[in-house]
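Report on one structure; see the data block that follows.
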Amino acid sequence: MAVFVLRNPSFRVAGVDLSDHVAELAVNGSAADVDVTASGAGGHQRILGIRDDEFTATFFSDFATGKVDDTLWPNFAGGSLFLVEAWANGTVSSATNPKYSGTCILTNYSPIAGAIGDASQTDVTFPVNGTIARAIV
Amino acid sequence: MASVKLIREGIAANLESLKGCQVSAYMLENPTPPTVWVFPGDEDYDLAARRGTDKLTFMVQAIAGIVTDQGAQQLLDEFMDDGGAKSIKAAVESDTTLGGAADDLHVTERSGYQQVTLEGRGRFVFAEWTVEVYAAGTA
């Protein structure tokens, strides 16, 4: 696959496709940097620690049924775990278009956030319970 | 679908509440001021994924009359008011979905007085307004 412009990513939250409201999207894998440097080492020795993955998205706000707030608020208020899925292009998983998914919980959500005169958007972080999985089929 | 035609015609329809004015969704060769018309400006594509949202800019120009005519200037002042029966901003924002042609719109800016010479007719005073329109693109 060649270099491409990100114009058709897909983003599902709890089974709801919110792609056409997504202005920015990121799948962030992260792990603690555990220092295991022993005496006499010439440089730091490191091993991968506990993962702390997350998805982040900027949505255009929409309070209609089946849209952004109607999907996110119940999950935030209910404190439930829900599935988040992301693709770079469409929803067909392949070696060149892997699906990244994780079970998430919303710990912060701001349904109204923005400056007067701007298109209403909200930045949302989806912390992963466990780790993000990568699938190519 | 972000239709330039439907959006400019929708803005013009909102402006029909300005009584006593010639309102057109298109620029005219021989306007009979006071004239208010609409034309498209820049467009930002792909603000959201999957052609979810485009931002289109439209311009509204209001030519009030001969520049030396005090009545024309008073009318242009009324056009410039942010509210009232002759307010361009209030008229354009009276239906922010333009009957379904847009998701939302916002009159964000207005110019000051400007002058234009209509051939053989003299100098006319006008102002223009910037309208930002959000609409879904064509997937």
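Values quoted throughout were computed directly from the atomic coordinates according to the rules given, and no laboratory measurement underlies them. Owing to the predicted nature of the structure, the values given are computational and were not obtained by experimental measurement. Here the Cβ is made from the backbone with ideal geometry for all residues, glycine too, and neighbour counts use every protein chain on show.
Sequence-distant contacts, meaning Cα pairs under 8 Å at least 6 residues apart, place the relative contact order of the range A:48-137 at 38 percent. Normalised radius of gyration (Cα atoms, divided by 2.2 N^0.38 Å) for chain A: 1.24. Rounded to the nearest 500, the 222 nm mean residue ellipticity of the protein assembly as shown from helices alone is -4000 deg cm²/dmol, with -39,500 (n - 2.57) taken per DSSP H run of at least 4 residues. The long axis of helix B:4-15 is offset from the longest Cα principal axis of chain B by roughly 50 degrees. Shape summary: the range B:35-123 maps onto an equivalent ellipsoid whose semi-axes, from the alpha-carbon gyration tensor, are 31, 16, 10 Å in decreasing order. Cβ-Cβ distance of A:Glu24 and B:Ala139, R₀ of 22 Å, FRET efficiency by 1/(1 + (r/R0)^6): the value works out to about 0.70. Label separation (B:Lys55 vs B:Ser111): 2.1 nm, computed from points 7 Å beyond Cα along the C-beta direction.
With neighbours defined as other Cβ atoms within 10 Å of a residue's Cβ, the residues A:Thr37, A:Thr125, A:Thr71 order from fewest to most as A:Thr37, A:Thr125, A:Thr71. Placing a pseudo-label 7 Å from each Cα along the Cα-to-Cβ vector at A:Thr37 and A:Asp118 gives an inter-label distance of 4.0 nm.
At a Förster radius of 22 Å, what calculated FRET efficiency corresponds to the Cβ-Cβ distance of B:Asp104 and A:Ala133, to the nearest 0.05? With a Förster radius of 22 Å, E is 0.05.
Rg and Dmax, both from the Cα atoms of the protein assembly as shown and both in Å, are 26.0, 93. With everything on Cα atoms, drop me the angle between helix A:68-78 and the longest principal axis of chain A, reported from 0 to 90° to the nearest 10. So the helix axis and the longest Cα principal axis differ by about 60 degrees. Spatial offset of the range B:31-51 relative to the range A:67-85 amounts to 36 Å, using the alpha carbon center of each. The mean count of C-beta atoms from other chains within 10 Å of the C-beta of residues in B:16-23, rounded to a whole number, is 0. Peptide A:20-29 has a mean of 3 when you count, residue by residue, the C-beta atoms of other protein chains within 10 Å of its C-beta.
Relative to the dominant Cα principal axis of chain B, helix B:70-80 is inclined by about 20°.
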